[in-house]
Amino acid sequence: MAFALTLSELARWVDGDIVRGEFDLSLTGMAALDAAGPHDVSFLGNEKYYGQFLQTAAAAVIVPRGMTSGSPTTALIAVDNPSLAFAVVVRHFASATRQFTPGIHPSAVVDPAALLDPTKTRVQPGAVIMAGAKIGDGSDIGPNVVIGEDVTLGKDCQIMANASIRERCVLGDRVILQPGAVIGSDGYGYEFSGGRHVKIDQVGIVEIGDDVEIGANTTIDRARFGKTLIGEGTKIDNLVQVGHNVIMGKHCLIVSQVGISGSSHLGDYVTIAGQAGVAGHVTIGSKAIISGRTGVTSSLDGDQVYAGKPAQPMREEMKQQAHLRRLPRLLARVKALEEALQPSLKDPNSSDS
Amino acid sequence: MAFALTLSELARWVDGDIVRGEFDLSLTGMAALDAAGPHDVSFLGNEKYYGQFLQTAAAAVIVPRGMTSGSPTTALIAVDNPSLAFAVVVRHFASATRQFTPGIHPSAVVDPAALLDPTKTRVQPGAVIMAGAKIGDGSDIGPNVVIGEDVTLGKDCQIMANASIRERCVLGDRVILQPGAVIGSDGYGYEFSGGRHVKIDQVGIVEIGDDVEIGANTTIDRARFGKTLIGEGTKIDNLVQVGHNVIMGKHCLIVSQVGISGSSHLGDYVTIAGQAGVAGHVTIGSKAIISGRTGVTSSLDGDQVYAGKPAQPMREEMKQQAHLRRLPRLLARVKALEEALQPSLKDPNSSDS
Amino acid sequence: MAFALTLSELARWVDGDIVRGEFDLSLTGMAALDAAGPHDVSFLGNEKYYGQFLQTAAAAVIVPRGMTSGSPTTALIAVDNPSLAFAVVVRHFASATRQFTPGIHPSAVVDPAALLDPTKTRVQPGAVIMAGAKIGDGSDIGPNVVIGEDVTLGKDCQIMANASIRERCVLGDRVILQPGAVIGSDGYGYEFSGGRHVKIDQVGIVEIGDDVEIGANTTIDRARFGKTLIGEGTKIDNLVQVGHNVIMGKHCLIVSQVGISGSSHLGDYVTIAGQAGVAGHVTIGSKAIISGRTGVTSSLDGDQVYAGKPAQPMREEMKQQAHLRRLPRLLARVKALEEALQPSLKDPNSSDS
């Protein structure tokens, strides 16, 4: 029971107010609303789950400020952001998932010309670190990871299993690569000559700022020359493609399976939702939000929400969708007009009216 | 010629009836209809290939029941499902592709605290199996695979080259991971606080049922807490993204490059065709069929076919497409109406009429 | 300064004419127009950058023939194809990125029954080459790459970090695999029987022609039987999916995140832009161009540009898009017609007019 929390301890940790419940209520686990049992903490992070909240068996629920409903036997703690608050709970109850013990596993291959402090970094089994690479203190190189020649990694990075970083790329501090991510693959560049596509050497690099996270099997191409840039604090999901010479600002969110073509520029705090695509050589302004499956084919101003193919402001896209849904009635109205004007007018080719 | 089959042996193996041909016709190979030679078996599995069937040089063709056409010199065996029957032929003629010899390759790294029977499992070169992992008998861990701490694998699993399974995930029996698949990457979860995206620990796992297959470079995220669940018998193609806390039923088919966002639930026998996307927190009923490139943005009932963006029943989508194709004629009809009413009516802004 | 070039040397190398500038102008580096300094060469490869060209601080710029504008202090060299010409510059200035030293790293695992000449090939740390594989001279097998049994690789191939090639696949000469690419994963083939999806053995291979490049984390499935074929000179970008039994012609360009379903055939010089999808069992004629995010659901003739879902000739798609944009005005015109005919006609259900 070393992990047990009281309701009042929990409220203090998450900077919340106890709306209902005994101060010394003992909480020994955590779960989602529909899975929680009588000793678990849960949280209401999305109004979609309000129905589950009303029915939950959880001992206590972290709720948004102002919420007072739910079963009278369920303790409530009110906070500004229940999801963020619950992260504190998760960190408490989850057994530590990262037991960092520095050292180089004997099966890892670290080139003598690589720079790292084996008392402050961990290199896991089968990892390969090539000549000239520099690994910052506190960084953890996962099993079978490949770090190419002259790569620079900052402090406290986590590079997970089977990820690859090609030569000369530069990563900041606290960068996380999920398994299978590829940094610095060649940009897709060819010139057509003599009936063949001739490869254009891609001699630039990828540079990644501090606190960036890159998802599993995501690919980020190196620049033709110069650099592909991922700004500080940006978070990229799984299976995303970032083309060569893309410049991405700070604190962007790029959701799964998005593709960003070469030489496009994103401002700061841009959000691109799942499976959207951005053409090459366009600019997207800061704080723009591109909704899922949108196709961006030209530059877009910031501070707006976009949708559709080609991308347009969300309200235009919604109007167009509404017009589409009204088409059957429009057809009926035109047919009625034609009949009212008969016999002066008749569509000679009409087969659908 | 150890592999040669007679027509009557073949008919017996595939539970078929000889429609035409000599019982002792010798068959020594297999090929597609347009590539087969005079000693090969082929099959007619799709009516698209009926033209090739009429012209094939194959010695014998496995056909659907009722088929009696084709060259009189081509032997025919009639079965319920020619494609399934042909699988038997393939298994016979293909030289065994999986020669399973148990044992741990000396270059593999198996933590002393991992549990496996080296006389009943195979661990190929460069594979890494971390502390606490349990590997069921008959399982084959491919070259440079990484199996994280406390992972549990059932019996007779096949984990192919460079696949990664992160800590604590649980796989059933006979699970196949194609090369590069990633199981248990962190879910994409952040809270916005102080102008930055703060990572939410993802402490749950992925649980995969028996007889599941996961395609090459597909990524399945671990749950925030609790589990991401892939039901028994479900088959997932290459480059698919499955978000955190997704619950997928049994015997689903998820085709290449599909993305399923966090916390969505799929029933059993759901089919999602290529490049479709499913938003977060939605439910798709059992036996629903989502056609290729569909964008699912809200919950859908089972037992129906859907298409479009946003997804709607296929017949609605087809009507809408038909209306779209009729738009030019609708414009012409409206113009004709305007002319009939002239001079009482005129579109003052018209430049296209 | 061993790398310094004079303007006249550069003009000779790229087969260009000096439009402006001193023959002995010394050039010591290269950069993009907006990043170049007073000793750098740059190039104008895309008219989008004309504004940057007018403002560049570069010492010299490679321009298309006929261009004479820009600052009088900027030297100009005119060529047919500035981008191709600049590749020569890049190759000169970039420190050699590939220092090929033959030999097998002691941590690599090369099966005694594999065929390669260790004095002419390089096998990097952690790579695994299985029995029966043949590696052509000059080929470079990257760190932690896996080459399966009986794979054949031609001469001068580059297989980058963590790529996987499964058993029996055949690659030509000068094939490049970017990191994480998977060649020869099983095709997605099941038959439904007894309420379950039964795996159909995929016993064919992938065959890849000379001078093909395959992008990072791209997946190419082996044929059910026979072969999946990628023609000579074809270039495939990152995160592309190629299904089983696809036949792709020569010199195609397949851009990032495209999916090509099983058994489809592409002619030569086909271009498929980003995130497009091709259904199974269709044929696309030579020199067809499929624009980004297009959904190809039936066979298409060559020598045309296609767009939309379903794919149609680009001019049809553009007309349809134009009609869509005109819908609001069409509605207004129909409303005006109705009002002109009143009281003889009235839309009884109208709520939007």
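Could you line up A:His105, B:His265 from fewest to most neighbouring Cβ atoms inside 10 Å?
Exposure proxy ranking, most exposed first: A:His105, B:His265.
Partner chain Cβ atoms within 10 Å, averaged over the residues of A:182-194 - can you pull that number for me?
6
Of the lysine pairs in the range B:103-313, how many meet both conditions: Cα atoms under 30 Å apart, and a spacing of 8 or more in sequence or different chains?
For the range B:103-313, the number of qualifying lysine pairs is 25.
What order do you get for A:Asp24, A:Asp156 when you list them from fewest to most C-beta neighbours inside 10 Å?
So the residues, fewest neighbours to most, are A:Asp24, A:Asp156.
Taking Cα pairs under 8 Å and at least six residues apart, what relative contact order does chain C come out at, in percent?
Averaging sequence separation for qualifying contacts and normalising by length gives 6 percent for chain C.
With the label 7 angstrom out along Cα to Cβ, how close does A:Tyr50 come to the same site in each of the other copies, in nm, nearest first?
5.7, 5.7
For A:Leu54 and A:Thr73 in the same chain, what is the full-extension length gain: residue separation times 0.36 nm, less their Cα-Cα distance, in nm?
Full-extension gain reported as 5.7 nm.
Non-local amide H neighbours of C:Leu229 (under 5 Å, H modeled in plane, Pro and chain starts lacking H): which ones?
C:Glu207, C:Val246, C:Ile247, C:Met248
Starting at the first residue of the range A:167-179, write each ³J(HN,Hα) from the Karplus equation 6.51 cos²θ - 1.76 cosθ + 1.60 with θ = phi - 60°, in whole Hz, x for Gly and Pro.
Calculated HN-Hα couplings, in order: 3, 6, 5, 10, 10, x, 8, 6, 7, 10, 10, 6, x Hz.
³J(HN,Hα) across the range C:301-311 via Karplus (A = 6.51, B = -1.76, C = 1.60, θ = phi - 60°), whole Hz, x for Gly/Pro?
Using θ = phi - 60°, the values come out as 5, x, 6, 9, 9, 10, 7, x, 9, x, 4 Hz.
Using the Cα centre of the protein assembly as shown as the reference point, and only Cβ charges (+1 on K/R, -1 on D/E), how large is the resulting charge dipole? Debye, rounded to the nearest 20.
Around 2180 debye, computed over the protein assembly as shown.
Where does each of B:Ile77, C:Ile129 land when they are ranked from fewest to most other beta-carbon atoms within 10 angstrom?
In order of increasing Cβ crowding within 10 Å: B:Ile77, C:Ile129.
Among C:Thr234, C:Pro118, C:Ile141, whose Cα projects farthest towards the positive end of the dipole of chain C, with charges put on the beta-carbon of Lys, Arg (+1) and Asp, Glu (-1)?
After comparing all options, I get C:Thr234.
Under 15 Å from the Cβ of B:Phe93, count the other residues' Cβ atoms, weight Lys and Arg +1, Asp and Glu -1, and hand me the total.
Net local charge, B:Phe93 excluded: 0.
Name the residues whose placed amide hydrogens come within less than 5 Å of the amide hydrogen of C:Ile62, ignoring near sequence neighbours (fewer than 5 apart) on the same chain.
Under 5 Å from the amide H of C:Ile62 lie the amide H atoms of C:Ser42, C:Phe43, C:Leu44, C:Ile77, each far enough along the sequence or on another chain.
Taking each label point as 7 Å beyond Cα in the direction of the beta carbon, state the distances from A:Ser286 to the same residue in the other copies, shortest first, in nm.
A:Ser286 label point versus its equivalents elsewhere: 5.3, 5.3 nm.
Once amide H atoms are built 1.01 Å from N in the peptide plane, which residues 5 or more positions from A:Gly138, or in another chain, come under 5 Å H to H?
HN-HN under 5 Å from A:Gly138: A:Thr121, A:Asp156.
Grab the Cα-Cα distance for A:Lys134 and A:Asp301, subtract it from 0.36 nm times how many residues apart they are, and report the gain in nm with one decimal.
56.2 nm
Once the other residues with Cβ under 10 Å from the Cβ of B:Leu253 are scored (Lys, Arg +1; Asp, Glu -1), what is the net sum?
Every neighbour counted, the sum reads 0.
Going by the alpha-carbon gyration tensor, a ≥ b ≥ c the square roots of its eigenvalues, is the range B:223-289 rounded (a/c under 1.5) or, if a/c is not under 1.5, prolate (a/b greater than b/c) versus oblate?
Cα axes put the range B:223-289 in the rounded bin.
Can you list, shortest first in nanometers, how far A:Met318 lies from the same residue in the other copies, with each label 7 Å from Cα toward Cβ?
3.2, 3.2
I'd like to know which of B:Val90, A:Gly154, C:Met130 lies farthest towards the positive end of the charge dipole of the protein assembly as shown, counting +1 on Cβ of Lys and Arg and -1 on Cβ of Asp and Glu.
B:Val90
Using only the Cα atoms of the range B:5-97, build the gyration tensor, take square roots of its eigenvalues as a ≥ b ≥ c, and label the shape rounded, prolate or oblate: rounded if a/c is under 1.5, else prolate if a/b is larger than b/c, else oblate.
rounded
Give a residue-ordered list of calculated ³J(HN,Hα) values for the range C:203-209 (Karplus: 6.51 cos²θ - 1.76 cosθ + 1.60, θ = phi - 60°; whole Hz; x for Gly, Pro).
Using θ = phi - 60°, the values come out as 9, x, 9, 10, 10, 10, x Hz.
Which lysines, if any, have their Cα less than 20 Å from the Cα of A:Lys335, not counting same-chain residues under 8 positions apart?
Answer for A:Lys335, where 20 Å is the Cα cut-off: A:Lys346, B:Lys319, B:Lys335, B:Lys346, C:Lys335, C:Lys346, listed by chain and number.
Taking every DSSP beta bridge with both residues inside the protein assembly as shown, roughly what % is antiparallel (nearest 5)?
Within the protein assembly as shown, antiparallel bridges account for around 15 percent of the total.
Using bins 20 angstrom wide from zero, how does P(r) for chain B break down, in % of all Cα pairs?
24, 39, 28, 8, 1
With the cut-off at 1.5 for a/c, could you classify the range B:103-313 from its C-alpha gyration tensor as rounded, prolate or oblate?
In terms of gyration-tensor shape, prolate.
Convex hull over the alpha-carbon atoms of the protein assembly as shown: what's its volume per residue in Å³?
So the per-residue Cα hull volume is 202 Å³.
Mind checking the dipole of the range A:103-313: about its Cα centre, +1 per Lys or Arg Cβ, -1 per Asp or Glu Cβ, Debye to the nearest 20?
For the range A:103-313, the charge dipole is close to 460 debye.
All other residues with a Cβ under 11 Å from the Cβ of B:Pro102 taken together, and with Lys, Arg as +1 and Asp, Glu as -1, what is their net charge?
Its environment carries a net charge of -1.
When the dipole is taken about the Cα centre of chain A, and only Lys, Arg (+1) and Asp, Glu (-1) are charged at their Cβ, what size is it in debye, to the nearest 20?
Computed about the Cα centre, the dipole is about 920 debye.
We did not get these values from a lab; they are worked out from the coordinates using the rules stated. Every value quoted in this text rests on a predicted model; they were computed, and no experiment measured them. Using ideal geometry, Cβ is built from the backbone for each residue, glycine included, and neighbour counts are taken over all protein chains shown.
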